[in-house]
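Below: one structure, written as C-alpha coordinates.
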Amino acid sequence: MEHYNLKIKQNQQVALVAGATGFIGRYLILELLKQGYTVFALVRNQAKQQPVLTNWLSQKDVSMNQLSFIQGDVTQAKLAISEQDWQKLSAVNTLYNSSALFAWNLSMQQARAVNVEGALNLLTCVQQYCALKRAVHVSGYMLTITGHLQQAGLCLEQPERTQWPSVYQHLGAYKASKIEAHFAWIQQAQQLSVDWTIIHPATVVGDDVSGEIPMNQPIAQMIDVLKRGKMGAIPATAQHYLPLIRVDDLCRIMVSASVDRALSNQAMLAVSENNLALHQLAQMIADQLQVSAPTRHMPIGLLRFILKWQWLAKKLEMFTEMLSFLRTEQLDRERLTQFQQRWQISMGNLEAAIRKTTDWMNQNTGS
(Lines give C-alpha, C1' and ligand atoms only; values in the text may rest on other atoms or scores of the structure.)
Protein backbone atom coordinates (compact mmCIF):
# COMPACT_ATOMS: atom_id res chain seq x y z
CA MET A 1 0.00 0.00 0.00
CA GLU A 2 2.87 2.38 0.78
CA HIS A 3 3.74 2.53 -2.91
CA TYR A 4 0.47 4.30 -3.63
CA ASN A 5 0.58 6.82 -0.80
CA LEU A 6 1.44 10.45 -1.37
CA LYS A 7 3.94 12.21 0.85
CA ILE A 8 0.92 13.41 2.80
CA LYS A 9 0.75 10.85 5.60
CA GLN A 10 -2.31 10.42 7.75
CA ASN A 11 -0.78 12.16 10.76
CA GLN A 12 0.28 15.08 8.55
CA GLN A 13 -2.90 15.63 6.58
CA VAL A 14 -4.81 18.80 7.39
CA ALA A 15 -8.19 18.76 5.67
CA LEU A 16 -10.70 21.46 4.81
CA VAL A 17 -14.22 20.12 4.16
CA ALA A 18 -16.63 22.31 2.19
CA GLY A 19 -20.27 21.31 2.49
CA ALA A 20 -19.46 20.18 6.04
CA THR A 21 -23.03 20.00 7.30
CA GLY A 22 -24.42 18.22 4.24
CA PHE A 23 -25.20 14.51 4.10
CA ILE A 24 -21.84 13.48 2.64
CA GLY A 25 -19.91 16.24 4.40
CA ARG A 26 -20.79 15.25 7.95
CA TYR A 27 -20.02 11.57 7.36
CA LEU A 28 -16.76 12.58 5.69
CA ILE A 29 -15.75 14.61 8.74
CA LEU A 30 -16.67 11.64 10.94
CA GLU A 31 -14.38 9.38 8.89
CA LEU A 32 -11.53 11.90 8.86
CA LEU A 33 -11.71 12.32 12.65
CA LYS A 34 -11.81 8.54 13.15
CA GLN A 35 -8.57 8.32 11.18
CA GLY A 36 -6.92 11.04 13.26
CA TYR A 37 -6.79 13.85 10.73
CA THR A 38 -6.87 17.54 11.58
CA VAL A 39 -10.13 18.85 10.12
CA PHE A 40 -11.54 22.28 9.39
CA ALA A 41 -15.28 22.37 8.67
CA LEU A 42 -16.40 25.20 6.37
CA VAL A 43 -19.90 26.38 7.33
CA ARG A 44 -22.00 29.34 6.22
CA ASN A 45 -23.56 30.07 9.62
CA GLN A 46 -21.21 28.97 12.40
CA ALA A 47 -23.45 30.05 15.27
CA LYS A 48 -26.29 27.87 14.00
CA GLN A 49 -24.49 24.99 12.31
CA GLN A 50 -21.57 24.28 14.66
CA PRO A 51 -23.76 23.11 17.60
CA VAL A 52 -25.80 20.87 15.29
CA LEU A 53 -22.76 19.17 13.78
CA THR A 54 -20.86 18.81 17.08
CA ASN A 55 -23.97 17.29 18.69
CA TRP A 56 -24.27 14.83 15.79
CA LEU A 57 -20.60 13.87 16.01
CA SER A 58 -20.79 13.43 19.78
CA GLN A 59 -23.53 10.83 19.26
CA LYS A 60 -21.11 8.95 16.98
CA ASP A 61 -18.61 8.64 19.84
CA VAL A 62 -15.69 10.29 18.04
CA SER A 63 -13.12 12.70 19.48
CA MET A 64 -13.50 16.28 18.23
CA ASN A 65 -10.14 17.50 19.52
CA GLN A 66 -8.87 17.79 15.94
CA LEU A 67 -11.95 19.60 14.60
CA SER A 68 -12.27 23.36 14.06
CA PHE A 69 -14.99 25.42 12.40
CA ILE A 70 -14.50 28.19 9.85
CA GLN A 71 -17.33 30.44 8.68
CA GLY A 72 -17.36 31.09 4.94
CA ASP A 73 -19.35 30.99 1.72
CA VAL A 74 -18.10 29.54 -1.57
CA THR A 75 -20.07 32.14 -3.55
CA GLN A 76 -18.34 35.12 -1.92
CA ALA A 77 -15.00 36.82 -2.59
CA LYS A 78 -12.20 35.18 -0.58
CA LEU A 79 -14.96 32.79 0.54
CA ALA A 80 -16.00 35.51 3.02
CA ILE A 81 -13.29 34.12 5.32
CA SER A 82 -11.51 36.58 7.59
CA GLU A 83 -7.75 37.12 7.33
CA GLN A 84 -7.40 35.70 10.83
CA ASP A 85 -9.18 32.51 9.80
CA TRP A 86 -7.12 32.21 6.62
CA GLN A 87 -4.07 32.20 8.88
CA LYS A 88 -5.59 29.27 10.78
CA LEU A 89 -6.12 27.47 7.47
CA SER A 90 -2.60 28.04 6.15
CA ALA A 91 -1.52 24.46 6.92
CA VAL A 92 -4.43 22.89 5.00
CA ASN A 93 -3.01 20.53 2.38
CA THR A 94 -6.13 18.58 1.39
CA LEU A 95 -9.42 20.05 0.19
CA TYR A 96 -12.66 18.05 0.03
CA ASN A 97 -15.46 19.75 -1.87
CA SER A 98 -18.80 18.16 -1.03
CA SER A 99 -20.70 21.45 -1.25
CA ALA A 100 -23.55 21.60 -3.75
CA LEU A 101 -26.94 23.14 -4.28
CA PHE A 102 -29.22 20.15 -4.85
CA ALA A 103 -32.86 20.59 -5.85
CA TRP A 104 -35.12 19.93 -8.81
CA ASN A 105 -36.23 22.71 -11.16
CA LEU A 106 -33.36 25.07 -10.35
CA SER A 107 -32.57 27.82 -12.81
CA MET A 108 -29.26 27.67 -14.67
CA GLN A 109 -28.11 30.78 -12.78
CA GLN A 110 -28.96 29.30 -9.37
CA ALA A 111 -27.21 26.02 -10.04
CA ARG A 112 -24.09 27.53 -11.62
CA ALA A 113 -23.60 30.07 -8.82
CA VAL A 114 -22.86 27.33 -6.29
CA ASN A 115 -22.05 24.16 -8.20
CA VAL A 116 -19.75 25.68 -10.85
CA GLU A 117 -18.61 29.19 -9.92
CA GLY A 118 -18.63 28.41 -6.19
CA ALA A 119 -16.55 25.27 -6.68
CA LEU A 120 -13.95 27.13 -8.74
CA ASN A 121 -13.87 30.01 -6.27
CA LEU A 122 -13.28 27.52 -3.44
CA LEU A 123 -10.41 25.81 -5.26
CA THR A 124 -8.75 29.08 -6.26
CA CYS A 125 -8.91 30.63 -2.79
CA VAL A 126 -7.70 27.54 -0.96
CA GLN A 127 -4.78 27.20 -3.37
CA GLN A 128 -3.91 30.86 -2.81
CA TYR A 129 -4.03 30.89 0.99
CA CYS A 130 -3.15 27.31 1.95
CA ALA A 131 -0.44 24.68 1.38
CA LEU A 132 -2.78 22.73 -0.92
CA LYS A 133 -1.48 19.43 -2.29
CA ARG A 134 -4.62 17.51 -3.28
CA ALA A 135 -8.15 18.71 -4.07
CA VAL A 136 -10.95 16.11 -3.95
CA HIS A 137 -14.24 17.00 -5.64
CA VAL A 138 -17.54 15.12 -5.36
CA SER A 139 -19.32 14.82 -8.71
CA GLY A 140 -21.75 12.12 -9.87
CA TYR A 141 -21.93 8.75 -11.61
CA MET A 142 -23.61 10.15 -14.73
CA LEU A 143 -20.17 11.54 -15.67
CA THR A 144 -18.99 7.97 -16.24
CA ILE A 145 -21.60 7.24 -18.95
CA THR A 146 -20.08 8.54 -22.19
CA GLY A 147 -23.16 7.90 -24.32
CA HIS A 148 -25.33 9.87 -21.93
CA LEU A 149 -22.95 12.84 -22.03
CA GLN A 150 -22.78 12.83 -25.83
CA GLN A 151 -26.55 12.57 -26.11
CA ALA A 152 -26.84 15.61 -23.84
CA GLY A 153 -24.70 17.61 -26.25
CA LEU A 154 -21.27 17.55 -24.60
CA CYS A 155 -18.17 17.97 -26.70
CA LEU A 156 -16.00 15.48 -24.82
CA GLU A 157 -12.84 16.13 -26.87
CA GLN A 158 -13.04 19.89 -26.17
CA PRO A 159 -15.47 20.51 -23.27
CA GLU A 160 -14.93 24.26 -23.52
CA ARG A 161 -16.73 24.18 -26.89
CA THR A 162 -19.87 22.69 -25.34
CA GLN A 163 -23.03 24.77 -25.74
CA TRP A 164 -23.89 24.71 -22.04
CA PRO A 165 -27.30 26.46 -22.21
CA SER A 166 -28.47 23.63 -24.47
CA VAL A 167 -27.14 21.01 -22.03
CA TYR A 168 -28.89 22.73 -19.13
CA GLN A 169 -32.14 22.75 -21.05
CA HIS A 170 -31.77 19.08 -21.96
CA LEU A 171 -30.75 17.69 -18.56
CA GLY A 172 -32.05 20.16 -16.00
CA ALA A 173 -29.94 22.66 -14.08
CA TYR A 174 -28.74 20.51 -11.19
CA LYS A 175 -27.32 17.68 -13.27
CA ALA A 176 -25.95 19.96 -15.98
CA SER A 177 -24.19 22.13 -13.40
CA LYS A 178 -22.50 19.09 -11.86
CA ILE A 179 -21.29 18.02 -15.29
CA GLU A 180 -20.01 21.50 -16.14
CA ALA A 181 -18.29 21.70 -12.74
CA HIS A 182 -16.47 18.42 -13.38
CA PHE A 183 -14.68 19.74 -16.45
CA ALA A 184 -14.19 23.23 -15.01
CA TRP A 185 -12.64 21.82 -11.80
CA ILE A 186 -10.11 19.80 -13.77
CA GLN A 187 -9.16 22.77 -15.95
CA GLN A 188 -8.81 25.08 -12.93
CA ALA A 189 -6.73 22.58 -10.96
CA GLN A 190 -4.39 22.14 -13.92
CA GLN A 191 -3.97 25.89 -14.26
CA LEU A 192 -3.22 26.17 -10.53
CA SER A 193 -0.85 23.16 -10.60
CA VAL A 194 -2.90 21.36 -7.94
CA ASP A 195 -3.27 17.58 -7.94
CA TRP A 196 -6.96 16.72 -8.20
CA THR A 197 -9.13 13.70 -7.67
CA ILE A 198 -12.82 13.49 -8.59
CA ILE A 199 -15.15 10.95 -7.02
CA HIS A 200 -18.34 10.05 -8.91
CA PRO A 201 -20.73 8.61 -6.32
CA ALA A 202 -23.84 6.63 -7.14
CA THR A 203 -27.09 7.64 -5.44
CA VAL A 204 -26.30 7.70 -1.73
CA VAL A 205 -28.22 5.78 0.94
CA GLY A 206 -27.79 5.86 4.71
CA ASP A 207 -25.56 3.50 6.68
CA ASP A 208 -26.74 0.25 8.24
CA VAL A 209 -26.55 1.60 11.80
CA SER A 210 -28.74 4.71 11.90
CA GLY A 211 -29.96 4.84 8.30
CA GLU A 212 -30.40 8.60 8.60
CA ILE A 213 -30.75 10.56 5.38
CA PRO A 214 -31.89 14.07 4.37
CA MET A 215 -35.41 14.29 3.01
CA ASN A 216 -34.25 15.78 -0.30
CA GLN A 217 -32.17 12.76 -1.32
CA PRO A 218 -33.58 10.70 -4.24
CA ILE A 219 -33.79 7.45 -2.25
CA ALA A 220 -35.53 9.29 0.60
CA GLN A 221 -38.07 10.72 -1.83
CA MET A 222 -38.72 7.25 -3.22
CA ILE A 223 -39.29 5.85 0.28
CA ASP A 224 -41.64 8.71 1.13
CA VAL A 225 -43.70 8.25 -2.04
CA LEU A 226 -44.01 4.50 -1.43
CA LYS A 227 -44.98 5.08 2.18
CA ARG A 228 -47.81 7.39 1.17
CA GLY A 229 -49.00 5.03 -1.56
CA LYS A 230 -48.28 7.59 -4.29
CA MET A 231 -46.28 5.30 -6.59
CA GLY A 232 -48.87 3.72 -8.84
CA ALA A 233 -46.32 2.16 -11.20
CA ILE A 234 -42.58 1.56 -11.45
CA PRO A 235 -41.22 4.51 -13.52
CA ALA A 236 -39.04 2.33 -15.74
CA THR A 237 -38.72 -1.07 -17.38
CA ALA A 238 -37.84 -4.24 -15.50
CA GLN A 239 -34.21 -3.74 -16.64
CA HIS A 240 -33.75 -0.28 -15.10
CA TYR A 241 -31.91 0.14 -11.83
CA LEU A 242 -30.73 2.95 -9.57
CA PRO A 243 -26.96 2.71 -8.83
CA LEU A 244 -26.44 3.01 -5.07
CA ILE A 245 -23.71 3.37 -2.45
CA ARG A 246 -23.79 3.61 1.33
CA VAL A 247 -22.69 7.00 2.66
CA ASP A 248 -20.07 5.51 5.01
CA ASP A 249 -18.56 3.41 2.20
CA LEU A 250 -18.36 6.53 0.03
CA CYS A 251 -16.55 8.51 2.71
CA ARG A 252 -14.00 5.75 3.38
CA ILE A 253 -13.30 5.71 -0.35
CA MET A 254 -12.88 9.49 -0.45
CA VAL A 255 -10.41 9.59 2.45
CA SER A 256 -8.20 6.86 1.00
CA ALA A 257 -8.49 8.36 -2.49
CA SER A 258 -7.01 11.62 -1.22
CA VAL A 259 -3.69 9.89 -0.51
CA ASP A 260 -3.69 7.43 -3.38
CA ARG A 261 -0.92 8.08 -5.88
CA ALA A 262 -2.71 6.23 -8.68
CA LEU A 263 -5.72 8.58 -8.36
CA SER A 264 -3.67 11.76 -8.71
CA ASN A 265 -5.35 13.72 -11.53
CA GLN A 266 -7.90 10.95 -12.04
CA ALA A 267 -11.63 10.43 -11.57
CA MET A 268 -13.23 7.31 -10.07
CA LEU A 269 -16.73 5.91 -9.81
CA ALA A 270 -17.94 4.96 -6.32
CA VAL A 271 -20.79 2.45 -6.44
CA SER A 272 -21.87 -0.74 -4.68
CA GLU A 273 -21.14 -4.10 -6.28
CA ASN A 274 -24.84 -4.97 -6.08
CA ASN A 275 -27.29 -3.81 -8.73
CA LEU A 276 -30.90 -3.90 -7.60
CA ALA A 277 -33.48 -3.51 -10.34
CA LEU A 278 -35.80 -0.63 -9.52
CA HIS A 279 -38.75 -2.97 -9.03
CA GLN A 280 -36.67 -5.05 -6.59
CA LEU A 281 -35.65 -1.92 -4.71
CA ALA A 282 -39.27 -0.76 -4.53
CA GLN A 283 -40.37 -4.19 -3.27
CA MET A 284 -37.66 -4.22 -0.60
CA ILE A 285 -38.67 -0.77 0.65
CA ALA A 286 -42.38 -1.62 0.54
CA ASP A 287 -41.79 -4.83 2.52
CA GLN A 288 -39.91 -2.87 5.17
CA LEU A 289 -42.75 -0.31 5.32
CA GLN A 290 -45.33 -3.11 5.29
CA VAL A 291 -47.15 -1.57 2.34
CA SER A 292 -47.91 -2.83 -1.16
CA ALA A 293 -45.37 -2.22 -3.91
CA PRO A 294 -46.48 -1.30 -7.44
CA THR A 295 -46.28 -4.14 -9.94
CA ARG A 296 -46.91 -2.30 -13.21
CA HIS A 297 -44.15 -0.57 -15.22
CA MET A 298 -44.46 2.74 -17.06
CA PRO A 299 -41.98 3.40 -19.91
CA ILE A 300 -39.64 6.33 -19.28
CA GLY A 301 -40.42 7.85 -22.70
CA LEU A 302 -44.11 8.03 -21.82
CA LEU A 303 -43.32 9.51 -18.43
CA ARG A 304 -41.14 12.22 -19.99
CA PHE A 305 -44.08 13.16 -22.22
CA ILE A 306 -46.55 13.22 -19.32
CA LEU A 307 -44.25 15.26 -17.07
CA LYS A 308 -44.16 18.13 -19.58
CA TRP A 309 -47.40 19.24 -17.95
CA GLN A 310 -46.28 20.84 -14.68
CA TRP A 311 -49.61 20.37 -12.93
CA LEU A 312 -49.48 16.65 -13.68
CA ALA A 313 -45.83 16.40 -12.64
CA LYS A 314 -46.76 18.05 -9.35
CA LYS A 315 -49.66 15.65 -8.85
CA LEU A 316 -47.41 12.66 -9.56
CA GLU A 317 -44.65 14.18 -7.39
CA MET A 318 -42.09 13.53 -10.11
CA PHE A 319 -39.71 15.63 -12.17
CA THR A 320 -38.22 14.84 -15.57
CA GLU A 321 -34.72 15.36 -14.11
CA MET A 322 -35.20 12.31 -11.90
CA LEU A 323 -35.59 9.90 -14.78
CA SER A 324 -32.05 10.08 -16.14
CA PHE A 325 -30.68 8.65 -12.90
CA LEU A 326 -32.32 5.31 -13.74
CA ARG A 327 -29.98 3.23 -15.89
CA THR A 328 -29.84 -0.08 -17.75
CA GLU A 329 -26.16 -0.16 -18.78
CA GLN A 330 -23.51 -1.60 -16.47
CA LEU A 331 -21.17 0.95 -14.92
CA ASP A 332 -17.41 0.42 -15.23
CA ARG A 333 -16.12 -0.56 -11.77
CA GLU A 334 -12.62 -1.64 -12.86
CA ARG A 335 -10.74 1.33 -11.40
CA LEU A 336 -12.78 1.13 -8.18
CA THR A 337 -12.12 -2.62 -7.86
CA GLN A 338 -8.37 -2.06 -8.20
CA PHE A 339 -8.54 0.77 -5.67
CA GLN A 340 -10.45 -1.41 -3.19
CA GLN A 341 -7.82 -4.11 -3.54
CA ARG A 342 -4.98 -1.63 -2.92
CA TRP A 343 -6.59 -0.27 0.22
CA GLN A 344 -8.38 -3.46 1.32
CA ILE A 345 -11.71 -1.64 1.39
CA SER A 346 -14.81 -3.80 1.33
CA MET A 347 -18.33 -2.43 0.96
CA GLY A 348 -20.87 -2.87 3.73
CA ASN A 349 -24.24 -4.59 3.41
CA LEU A 350 -26.24 -2.48 0.95
CA GLU A 351 -29.56 -4.23 1.54
CA ALA A 352 -29.25 -3.78 5.30
CA ALA A 353 -28.51 -0.09 4.72
CA ILE A 354 -31.61 0.26 2.51
CA ARG A 355 -33.77 -1.30 5.23
CA LYS A 356 -32.25 0.99 7.89
CA THR A 357 -32.73 4.02 5.66
CA THR A 358 -36.35 2.99 5.16
CA ASP A 359 -36.83 2.63 8.92
CA TRP A 360 -35.32 6.05 9.52
CA MET A 361 -37.62 7.67 6.95
CA ASN A 362 -40.62 5.82 8.39
CA GLN A 363 -39.87 7.12 11.86
CA ASN A 364 -39.11 10.69 10.78
CA THR A 365 -41.89 11.43 8.28
CA GLY A 366 -45.62 11.72 8.70
CA SER A 367 -48.09 9.13 7.52
Residues whose modelled amide H sits under 5 Å from the amide H of V14, counting only those 5 or more places away in sequence or on another chain, are N93, T94
Linear extension gain, H297 paired with Q84, 0.36 nm per residue minus alpha-carbon span
70.9 nm
The chain: relative contact order in percent, alpha carbon pairs under 8 Å with at least 6 residues between
18
Restricting to the chain, what percent of DSSP beta bridges are antiparallel, rounded to 5?
10
With a 1.4 Å probe and every protein chain kept in, tell me what percent of the accessible surface of the range 188-228 is carbon plus sulfur.
47
Just want to confirm a number: the relative contact order over the range 203-297, from Cα pairs under 8 angstrom separated by 6+ residues, in percent.
39
Order S264, S90, S292, S258 by their accessible area, 1.4 angstrom probe, all chains in place, largest first.
S292, S90, S264, S258
Which aspartates and glutamates, if any, have their Cα less than 13 Å from the Cα of K175, not counting same-chain residues under 8 positions apart?
E321
List the longest stretch of the chain that has no exposed loop site; here a site is one of the trypsin sites (Lys or Arg not before Pro) assigned by DSSP to anything other than H, G, I, E or B, with at most 11 other Cβ within 10 Å.
10-295
Per residue, accessible area of the chain with a 1.4 Å probe, heavy atoms of protein chains only, in Å², comes to 45
Just to verify a number: what accessible area does D61 come out at with the full protein assembly present, 1.4 Å probe, Å² rounded to tens?
140
With θ taken as phi - 60° and the coefficients 6.51, -1.76 and 1.60, list the Karplus ³J(HN,Hα) couplings across the range 285-295 in order, rounded to whole Hz; mark glycine and proline as x.
5, 4, 4, 5, 7, 6, 10, 7, 8, x, 10
Expressed in square angstrom to the nearest 10, the accessible area of T21 with a 1.4 Å probe stands at 50
Can you give the longest stretch of the chain with no exposed loop site, where a site means GluC sites (Glu not before Pro) in a DSSP loop (not H, G, I, E or B) with at most 14 other C-beta atoms within 10 Å?
1-156
Residue-averaged 222 nm ellipticity for the chain, from DSSP H runs of 4+ at -39500 (n - 2.57), nearest 500
-13000 deg cm²/dmol
So which aspartates and glutamates pass the test for K60, namely a Cα distance under 14 Å, with those fewer than 8 places away in the same chain ruled out?
E31, D207, D208, E212, D248
What aspartates and glutamates does K78 reach when the alpha-carbon gap must be under 16 Å and sequence neighbours fewer than 8 apart in one chain are set aside?
E117
Within the set K230/K356; K34/K227; K34/K133, which residue pairs have Cα atoms separated by over 24 Å?
K34/K227
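The values are calculated or read from the model by the stated rules, or taken from the named source; none is laboratory data. Everything quoted here is computed from the prediction, not taken from an experiment. With ideal geometry, Cβ positions are generated from the backbone for all residues, glycine too; neighbour counts draw on all protein chains shown. The protein model used for the area step is the full one, side chains on, heavy atoms only, and it has no ligands, DNA or RNA in it. Shrake-Rupley method; radii C 1.70, N 1.55, O 1.52, S 1.80 Å.
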